1. Summing +1 for each Lys or Arg and -1 for each Asp or Glu, what net charge is found among the other residues whose Cβ lies under 13 Å from the Cβ of R22?
2. Describe numerically, in nm with one decimal, the distance between label points set 7 Å from Cα along Cα→Cβ at S182 and at A151.
3. Convex hull over the alpha-carbon atoms of region 95-198: what's its volume per residue in Å³?
4. Give me the mean projected area, in nm² to one decimal, of the convex hull enclosing the Cα positions of region 42-103.
5. Specify the residue with the greatest mean-square fluctuation among R33, R79, R22, computed from a Gaussian network of the chain linking alpha-carbon atoms under 10 Å apart.
6. Expressed in whole Å with the largest first, what are the equivalent ellipsoid semi-axes of region 114-165 derived from the C-alpha gyration tensor as the square root of 5 times each eigenvalue?
7. With unit charges on the beta carbon (Lys/Arg positive, Asp/Glu negative), name the residue among L128, A151, A34 whose Cα is farthest towards the positive pole of the charge dipole of the chain.
8. Pop a pseudo-label 7 angstrom from the Cα along the beta-carbon direction at both Q50 and R171 and give the gap in nm to one decimal.
Amino acid sequence: MTRWPGSGPDDVVAIGDVVVRRAQPSDAAAYSRADARMVGDTYASLMPPQFAADRWDEVDRLTGERRREFAEALEAERRGEEPPRRTWVATQAGDIAGIAVSTAIAPSWEASLAVEPIEGITYQLNHLYLRPAAQGTGLGQAMLDLALPCALPAYLWIVGGNARAERFYARNGFVRDPVEYSCGPLWFHRPLFRMVRR
């Protein structure tokens, strides 16, 4: 199992007045609401309003799934096993200011798109979102470094048109793959591409 320096399942990291820690089962409802809000905000200029409304409609259903997912992942890691997902929350004044998720295995939807695996690279940054007020503060960099420490070789997916995210990841050594895919109906068929850090 890969050791995540400074960010084991019970570690807490202070970044100014922000506290970053692993998501706990008790965070599931607040996490689901924060995720819906931040994802909706991030893609407001790229997606129709229905996209954000759909994310809010998922909150109740996802809360139960995330409660189980967070508990199972933490328990696996405490046993010394590789969890399928590691989830972080950044809290500031009691509110979630950022979220990050890294995964150890490829998501099932990649196979449905016939995505060619990257030899020797299995870790993925699945999720990194901040509240608008937290952008540009260094929190995104700190959370990326916790989610994929020591410049760990990894990949991530970006929705086409999110130039800010693409620049951020390029500064962190990720290079865009030439192949483009479709996000499918959930994401209104927006173009999707992969970035890889070898």
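Coordinate-derived values only; no laboratory data. These figures come from a predicted structure and were not determined experimentally. Cβ sites come from the backbone with ideal geometry, for glycine too, and all protein chains shown count toward neighbours.
1. On the way: positive: R21, R66, R78, R85, R86; negative: D10, D11, D27, E69, E72, E75, E77.
Taking every other residue near R22 into account, the sum is -2.
2. 3.8
3. Residue-normalised Cα hull volume stands at 116 Å³.
4. Orientation-averaged projected area of the Cα hull: 5.6 nm².
5. Looking only at R33, R79, R22, the largest GNM fluctuation is found for R79.
6. Largest first, region 114-165 gives 23, 15, 7 Å.
7. The residue sitting most towards the positive pole is A151.
8. 3.6
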